[in-house]
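The values are calculated or read from the model by the stated rules, or taken from the named source; none is laboratory data. In this text the structure is predicted, and so the values were computed from the model without any measurement. Don't worry about glycine lacking a Cβ; one is built from the backbone with ideal geometry, like all the others, and counts go over all protein chains shown.
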Amino acid sequence: MSNTLLEVKRLKKHFAINNGLFKDKSYVKAVDNVSFSVMKGETFGIVGESGCGKSTTGRTILRLNELTSGEVLFDGQDISTLSYEDMRKARRKLQMVFQDPYASLNPKKTIRQILTEPLRVHGLFTKKEREEKAAEIIEIVGLHVSHLDRYPHEFSGGQRQRIGIARAVILQPDLIIADEPVSALDVSIQSQVINLLLRLQMDFNLTYIFISHDLGVVKHITDRVAVMYLGRIVELAKTEDLYDQPMHPYTQALLSAEPIRHPDQKRDRIILKGDVPSPVSPPSGCTFHTRCVSCMEICKTEIPLLEIMEDGRSVACHLYNKM
Amino acid sequence: MSQVSVEKRILYKTNERQNGKVVSLFKRLVKNPFGFLGFLVILSVCIVGLLAPIIAPFNPVETDLTKKLLAPMTEGHLLGTDQLGRDILSRIIYGTRISLLIGVTTVLFAGLIGTTVGVLAGYFRGWVDVVLMRIVDVQLSFPFILLVLIINAVLGTGLKNIMLSLIVVGWVSYARVIRSEVLAIREKEYIHSCFATGVPQWEIIVKHIMPNLFTPLIVLASLQVSTFIIAEASVSFLGFGVQPPTPAWGNMLNEGKNFILSSWWLITFPGLALVITTLGINLFGDWLRDELDPEMNQNR
Amino acid sequence: MKEGIQLSTLKPLLEIRNLDVSFRTQDSSLRIVHGLNLTLAQGETIGIVGESGSGKSVTSLAIMGLLPKPTGFISNGEILLDGRKISDLKEKEMRELRGNDISMIFQEPMTSLNPVFTIGDQLSEPLKRHKKMSRKERRTRIIDMLRTLGISRPEKIIDEYPHQLSGGMRQRIMISLAMLGEPKLLIADEPTTALDVTIQAQILDLIRTINKQKNTSVMLITHDLGVVAEICDKVAVMYAGEIVEYTDVRTLFDKPLHPYTQGLIASMPNMNERKGELYSIAGNVPRPTDLPKGCHFSTRCMYAMDCCHEEAPPTTSNGCHSVRCWLHVDQPEGHSVEIEEEKNVQYAVRS
């Protein structure tokens, strides 16, 4: 228990949609009953396709969206009910790295301002010390002190993402939620940034929640992975286990759809029919049943629960229901 | 080697941008004929207004009934005289002051109120937004002239009251524009990242959102100045605005309308001054909008 | 100048010879694509791989005659389709060609469809323009096409609007639109980048089927080597406006010659030990305004020698594998030893 850094319990985030003046509101269940815990020092991955709720989960934990219900325990404290000011203070230990390095840095601020701001708003150090810290961290992430007085647009995407990471790390937080941190980068730059994240984790003892749609990257960097589909976790397992032997039919299909590494590599590809259903009106029962190759009668009516298997992983699928 | 030259070039670019922003903006202005024309008009109107006592050939309020309704170019009166024998050119020159005063102050105050309301509504959203925007809606449902007339009827006529009424009428357009602007900026990822960092709310508003409002405000204000100058003229024309004998383009038009068939110059020249000024401001404002609009200006 | 290499004995459908594409800037012009040579035979699939700024999309626009006017233009070289020079056609003739002989699909299926017209309206466009058909014939034709492309209930889809469809479905509609003119060449610019992996698998499958069944040549532009491995016969790797390596897909993955290609393949996460440091290419992609002198990759290359910083390497080819790198230029005996030593020193410093 003492090893648990973050515990998310029955997290729900529903977005209301207005259907016009005289109609009832409908709800998008972006995150529906998601529970998991993250251990100190590990990298916890969340994978899934667009619209599965993985980013919303991350943002809701950090309360960039207000949650609909559920609890988020960070170091034993429920941060889901904190006031704005208390939450603001708690953010010192909980940071975020954003997907789009072009949009997540204020174009009108210099790098120095961007990097010292987190320290300043949390009342840490004197002005001079803050500047020293900024100079220190910018070298750590692989840029140069002379870059401090430039503006974000003078940097390439990879360099900007380094700055975004530096801003998150400068507070020496316990947990960093990285939302697709390399998806917007060029291929040859992605591996640089992944290496940086791995190195910082070692040096600063960081815990990551790594949100991504890129199965290869997730496989490389994470210890445990949760696979999400339409707002729910369908499978949660150790990374090796999940990639070696996926159990949930969706995980199987997802992994088999990943592009091959070599033209001679053959793969028994499970090509899913159709598209992800609209989260406004998700299918009844198991939300995956409309596309599942092994769909049974029960799947159409009953929601499968996330159950723990012998090897310690959890799967939400009627195929493995112990009855 | 090449690394050094790249560094140098970037440094050079940075300097150039910071020191030369205004200069390069001006260079581009000179290249645009309409924008530059507008700029020249504004410049000359300002100079005329400032130097009115020096430039004006006659006292604008001095009446001389022996010289009433003189045609242009007679007895030293370049643009003729009005029904009380006052020099029209001098009255137009002094009228510039009133127009500029009204244009600039009302825009300033209306902008201040409108921006505050817009920022609050756009940032806090929810019920704050609903309440403030419904006030705006109510305000907008009154015909503009009617509102001005009501205010002037209640508070009495005069320069102060006309300015007050124009501010009351004018702030709503700022509130609307700024609100939608703030709504958009608030959803930018760098604002989200401020939340995630733990930046206090007031600091997010003042340091991260407000600087982005500069461009839309400048553009809106430049176009509003001309609207307000015309509004003042319209109200003065109806007899509610600036009261005689103080010279203003609006009340000159009002007085001149009675002589429109016999002495055309009474109404033509103030009208022309009005048209040229507003046209100049609009041309400049259009240019400024295009110039500052990042969509139009891809190569930042 | 060297001709593009011939990887197959088939009659070439598309030939690009020594192509330069430039963009006018305020006071000069900027060369975005330089010295491009490619051939594509009927029924072949070629992948153009590169990062942002590599010039891969600009190349496709040049073929389509869609370079943004008046800033973008072909400054050198020629493009031939079926032996006919198309790089200097007039806009009207080019329009005749587009959607008929060459079609293109884009990355963002959302913005490529007009939201106010039904799918049927938009799909009739190329038929109206290029073929004489009655309204009814067009409708059956479109429904047939949608059905062959694996779209369920085409009779309904045809009367729907773009916003009613999902991203994957929209991309399918775009492909249908491209295929209605029965083009000889289909250019796909990052067709799956905006899509999820499971949908990507469907779309790649579809492109593969079209290629096989209709013998349509496909030019696939992508940044993803995995996608290339999936469906391409041959590959051209582009870096900073130039093709740095050009060969068939197996050779590329088995024996990449150019350090950039080697780096790209080595840095795929699956190629590395889990949690270990990923192989990575140092530095950043240079901007077209700040290209290094000599070889464009020299600033990031771990094998870079003196000559790499001085002079651009020529393209060398053994008939079926061409590469633009000084390491693979045959030099007089003594010279090559020197290079070898240099390489070792470089390597020692890095490791």
Practice problem: Report yes if some residue within region A:15-31 is over 13 Å from the mean Cα position of the chain (by Cα) and crowded, with 23+ Cβ neighbours inside 10 Å; otherwise report no. | Solution: yes
Self-check item: Among (1) within 12 Å of chain C (Cβ to nearest Cβ); (2) crowded, with 18+ Cβ neighbours inside 10 Å, the one test that A:Ile233 misses
Solution: (1)
Practice problem: Filter region B:155-198 down to residues that are touching a Ser or Thr at 6+ places or on another chain (Cβ under 9 Å) and assigned to a loop (DSSP other than H, G, I, E, B), then give me how many there are. | Solution: 1
Quiz item: Is at least one residue of region A:258-269 surrounded by fewer than 24 Cβ atoms within 10 Å (Cβ to Cβ), within 11 Å of chain C (Cβ to nearest Cβ) and among the aliphatic types (A, V, I, L, M)?
Solution: yes
Practice problem: With the condition kept exactly as written, say whether any residue in region C:53-71 is under 23 Å from C:Gly319 (Cα atoms) and hydrophobic (A, V, I, L, M, F, W, C). | Solution: no
Practice problem: Identify the single condition in (1) within 9 Å of chain C (Cβ to nearest Cβ); (2) in contact with a strand residue (DSSP E or B) (Cβ under 8 Å, 6 or more places away or on another chain) that A:Arg224 does not satisfy, given that it satisfies every other one. | Solution: (1)
Quiz prompt | Filter result for C:Leu97 (more than 30 Å from C:Val227 (Cβ to Cβ) and at pLDDT 85 or above) | solution = no
Practice problem: Being within 21 Å of A:Gln192 (Cα to Cα) and aliphatic (A, V, I, L, M) is the filter here, so list the residues in region C:292-308 that pass it. | Solution: C:Met302, C:Ala304
Quiz item: If you scan region A:66-84, which residues turn out to be surrounded by fewer than 16 Cβ atoms within 10 Å (Cβ to Cβ), more than 8 Å from every other protein chain (Cβ to nearest Cβ) and at negative phi?
Solution: A:Glu66, A:Ser69, A:Glu71, A:Gln77, A:Asp78, A:Thr81, A:Ser83
Exercise. Starting from region B:168-196, take each residue that is closer than 30 Å to A:Leu119 by Cα and away from chain A (no Cβ under 14 Å) and list its partners that are part of a helix (DSSP H, G or I) and aliphatic (A, V, I, L, M), counting only C-beta distances under 7 angstrom and pairs at least six apart or across chains.
Key: B:Glu181/B:Leu213; B:Val182/B:Val119; B:Val182/B:Ile209
Quiz item: Restricting attention to region C:85-100, does a residue exist that is surrounded by fewer than 18 Cβ atoms within 10 Å (Cβ to Cβ), in contact (Cβ under 8 Å) with a residue 60 or more places away in the chain, among the charged types (D, E, K, R) and away from chain A (no Cβ under 14 Å)?
Solution: no
Quiz prompt | Within region C:59-170, helices (runs of 4 or more DSSP H) holding 2 or more residues that are under 30 Å from C:Leu30 (Cβ atoms) | solution = C:91-97, C:109-112
Quiz item: Given the conditions (1) within 22 Å of B:Leu253 (Cα to Cα); (2) in contact (Cβ under 8 Å) with a residue 40 or more places away in the chain; (3) charged (D, E, K, R), which single one is not true for B:Arg125?
Solution: (1)
Quiz item: Taking interchain pairs and intrachain pairs at least six residues apart, which have beta carbon atoms under 9 angstrom, with the first residue in region C:173-197 and in contact (Cβ under 8 Å) with a residue 60 or more places away in the chain and the second part of a loop (DSSP other than H, G, I, E, B) and surrounded by 23 or more Cβ atoms within 10 Å (Cβ to Cβ)?
Solution: C:Met174/C:Pro191; C:Ile175/C:Pro191
Practice problem: Quickly run through region B:107-143 and pick out the residues that are modelled with pLDDT of 90 or more and hydroxyl-bearing (Ser, Thr, Tyr). | Solution: B:Thr115, B:Thr116, B:Tyr123
Quiz item: Are any residues in region A:101-116 at the interface with chain B (Cβ under 7 Å from one of its Cβ atoms) and not polar (S, T, N, Q), and if so, which ones?
Solution: A:Ala103, A:Leu105, A:Lys108
